[in-house]
Amino acid sequence: MTTCNFNKTTFLKSAAEWEHLPDVSGMEIAFAGRSNAGKSSAINTITGVHKLAKTSKTPGRTQYINYFNLQPGVFLVDLPGYGYAKVPEAVRDRLQRILGRFISQRTPLKGLVVVMDSRHALKPDDETVIEWGLSRRLYLHLLLTKADKLSHRQAQDAKRAVEQRYSEYADLVSVQLFSSPKKQGIEEARACIERWITL
Ligand SMILES: Nc1nc2c(ncn2[C@@H]2O[C@H](COP(=O)(O)OP(=O)(O)OP(=O)(O)O)[C@@H](O)[C@H]2O)c(=O)[nH]1
Ligand SMILES: [Mg+2]
């Protein structure tokens with residue numbers, strides 16, 4: 001098991017088009033999820049680097065594929081959110097195409113963190129993204145954010161429901177509760193990423 005220096009993560013680049021994705025040698029760990037689920041916040045909280053990824057109260061904030069360098073040869077990728085109706089249609093179509101292609105085809109992609117609001121997990125779009133990942137046997141970590149908005153009991157129930165849905169893929173899929181403001185779940189998320197790096 002490696003120990004990563006998460007707080008040394010740096011911004012590498014933003015790409016708006018497939019052709020602009022960096023030509024990396026190494027592996028990528030991407031964060032996907034509905035708009036406003038808390039992907040960018042999770043990247044900041046997990047790395048411990050304040051304002052590394054831009055966050056916003058306005059859904060649809062991340063409209064590029066943003067690359068961060070965790071350590072030589074390991075990249076964290078903040079993907080644009082899906083499912084937000086107010087992004088102009090042309091932009092949304094472009095983003096959805098690049099997102100689907102990224103998850104299904106991007107060669108260096110090793111693991112996908114699927115970020116979902118724990119109060120509304122496993123929407124149809126989330127299940128589609130998870131299916132894309134499973135069909136190429138990516139490692140998937142289902143990060144249930146905003147756990148601070150639920151009681152302990154509700155949060156445990158939400159986690160159990162997600163675990164049950166994918167119990168037949170227990171070799172690929174893990175599930176955890178997370179809260180950025182409470183800094184809950186950082187060690188568990190880091191341990192998952194560290195495990196993927198060694199696999
Ligand atoms: N209470 C609470 N709020 C959170 C949490 N994570 C994120 N938020 C808030 O949710 C909003 C959206 O967070 P972002 O991290 O920007 O969400 P995103 O998934 O990157 O959104 P897009 O870039 O639009 O796809 C912000 O107002 C955050 O402060 C959490 O764990 N708990
Ligand atoms: Mg974002």
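Computed values, structure above
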item: Test for residue 77: is it β-branched (Val, Ile, Thr) and either more than 13 Å from the chain's Cα centre (by Cα) or surrounded by fewer than 17 Cβ atoms within 10 Å (Cβ to Cβ) (or both); result: no
item: Failed item, numbered, when residue 159 is tested on (1) over 30 Å from residue 22 (Cα atoms); (2) loosely packed, with under 14 Cβ neighbours inside 10 Å; (3) among the basic types (Lys, Arg); result: (2)
item: Cross-chain or 6+ apart pairs with Cβ under 9 Å, region 137-150 first and under 13 Å from residue 170 (Cβ atoms), then hydroxyl-bearing (Ser, Thr, Tyr); result: 139/174; 140/166; 140/169; 140/174; 141/174; 142/166; 142/174
item: Search result, residues across region 46-63 that are within 11 Å of ligand 1 (Cβ to nearest atom) and either surrounded by fewer than 21 Cβ atoms within 10 Å (Cβ to Cβ) or under 21 Å from residue 110 (Cα atoms) (or both); result: 53, 54, 55, 56, 57, 58, 59, 60, 61, 63
item: Enumeration of residues in region 22-45 that are modelled with pLDDT of 95 or more, more than 11 Å from ligand 1 (Cβ to nearest atom) and out of contact with any Gly (no Cβ under 6 Å at 6 or more places or on another chain); result: 27, 28, 30
item: Which numbered condition residue 157 misses (of (1) within 15 Å of residue 114 (Cα to Cα); (2) out of contact with any Cys (no Cβ under 9 Å at 6 or more places or on another chain)); result: (1)
item: Candidates 138, 143, filtered to the one that is closer than 15 Å to residue 166 by Cβ and within 16 Å of ligand 2 (Cβ to nearest atom); result: 143
item: Flag for residue 174 being of a type in the set (Gly, Ala, Ser), within 16 Å of ligand 2 (Cβ to nearest atom) and closer than 24 Å to residue 49 by Cβ; result: no
item: Residue count for region 70-85, restricted to those that are at negative phi and within 15 Å of ligand 2 (Cβ to nearest atom); result: 8
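The values are calculated or read from the model by the stated rules, or taken from the named source; none is laboratory data. Quantities reported herein were computed from a predicted structural model and do not represent experimental measurements. Here Cβ is always computed from backbone atoms with ideal geometry, including for glycine, and neighbour counts include all displayed protein chains.
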